[in-house]
1. Would you mind finding the one in Ala61, Ala52, Ala57 that is small (Gly, Ala, Ser), in a helix (DSSP H, G or I), touching an Asp or Glu at 6+ places or on another chain (Cβ under 9 Å) and surrounded by 12 or more Cβ atoms within 10 Å (Cβ to Cβ)?
2. Quick check on segment 137-155. Is at least one of its residues of a type in the set (Val, Ile, Thr) and either out of contact with any strand residue (DSSP E or B) (no Cβ under 8 Å at 6 or more places or on another chain) or farther than 24 Å from Ser73 by Cβ (or both)?
3. Residue check: is Glu107 open to solvent by 70 Å² or more (accessible area, probe 1.4 Å), within 23 Å of Asp133 (Cα to Cα) and of a type outside the set (Phe, Trp, Tyr)?
4. Looking at Leu115, Leu108, Leu121, which one is part of a strand (DSSP E or B) and either among the acidic types (Asp, Glu) or within 30 Å of Gly151 (Cβ to Cβ) (or both)?
5. Counting only residues that are of a type in the set (Phe, Trp, Tyr) and touching a helix residue (DSSP H, G or I) at 6+ places or on another chain (Cβ under 9 Å), which one in segment 126-179 is surrounded by the fewest Cβ atoms within 10 Å (Cβ to Cβ)?
Amino acid sequence: MSIKRHKNSGFTLLELMITLAIAAILSSLAAPSFTDMIKDNRMTTQYNELLASLSIARSEAIKRGIAVSLCKSNDLATPLCGGNWHDGWFVFVDQDDDGVFDVGTDELLRANSALSGGNTLNYGEDRIRYNPDGLALGGFNGTFTLCDDRGDSDRKGLIVSNTVRARKAIAADALAGCP
């Protein structure tokens, strides 16, 4: 009677340690690009929320035949115009055409809370008002500049013209610097 020995197949401790070391190195190389991807997606989402708010304000002004405003606000509960654009903004039907949200008179259409990730949003005006023909009131052209902690290299711009819809800023457009 002979006893057969079976050779065990598996990993040795040394092979396992080498595999884990390689996996750790590859993970550390992928982490910065993954972080950049998260930041890019966050900025794109915030840009699209702003564009949607501008589009809603313009289309509602045309549809309802009355002025509709978009206003920066750091107090969306009330809501009051003021603060910084990156603190939040809201869109409302401006019944008395004064550019100020009047509780009980004006209708709140959309509210956006503060930007996440420490991102900033800058624009030279406190509000944008669209009249019933879809033109922005005030005769201004302006650019929203959206920034994150990467600075000027990764900023996004959204140009608001008083005669046309908002559009994405391109390389030829002058964007304000990031803080």
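1. Numbers: Ala52 fails: touching an Asp or Glu at 6+ places or on another chain (Cβ under 9 Å); Ala57 fails: touching an Asp or Glu at 6+ places or on another chain (Cβ under 9 Å).
Going through Ala61, Ala52, Ala57 in turn, just one is small (Gly, Ala, Ser), in a helix (DSSP H, G or I), touching an Asp or Glu at 6+ places or on another chain (Cβ under 9 Å) and surrounded by 12 or more Cβ atoms within 10 Å (Cβ to Cβ): Ala61.
2. Residues of segment 137-155 of a type in the set (Val, Ile, Thr): 143, 145.
Checking the rest, the ones that are also either out of contact with any strand residue (DSSP E or B) (no Cβ under 8 Å at 6 or more places or on another chain) or farther than 24 Å from Ser73 by Cβ (or both) come to none.
For segment 137-155, residues of a type in the set (Val, Ile, Thr) and either out of contact with any strand residue (DSSP E or B) (no Cβ under 8 Å at 6 or more places or on another chain) or farther than 24 Å from Ser73 by Cβ (or both): absent.
3. Numbers: open to solvent by 70 Å² or more (accessible area, probe 1.4 Å): yes; within 23 Å of Asp133 (Cα to Cα): yes; of a type outside the set (Phe, Trp, Tyr): yes.
Spelling it out, Glu107 is indeed open to solvent by 70 Å² or more (accessible area, probe 1.4 Å), within 23 Å of Asp133 (Cα to Cα) and of a type outside the set (Phe, Trp, Tyr).
4. Of Leu115, Leu108, Leu121, the one residue that is part of a strand (DSSP E or B) and either among the acidic types (Asp, Glu) or within 30 Å of Gly151 (Cβ to Cβ) (or both) is Leu121.
5. Applying the first criterion (of a type in the set (Phe, Trp, Tyr)) to segment 126-179 yields 130, 140, 144.
Checking the rest, the ones that are also touching a helix residue (DSSP H, G or I) at 6+ places or on another chain (Cβ under 9 Å) come to 130, 144.
Numbers: Tyr130: 26, Phe144: 24.
Going through the qualifying residues, I end up with Phe144.
The values are calculated or read from the model by the stated rules, or taken from the named source; none is laboratory data. All of these numbers come straight from a predicted model, not from anything done at the bench. Here the Cβ is made from the backbone with ideal geometry for all residues, glycine too, and neighbour counts use every protein chain on show. Accessible surface areas use protein heavy atoms only, side chains included; no ligands, DNA or RNA. Shrake-Rupley method; radii C 1.70, N 1.55, O 1.52, S 1.80 Å.
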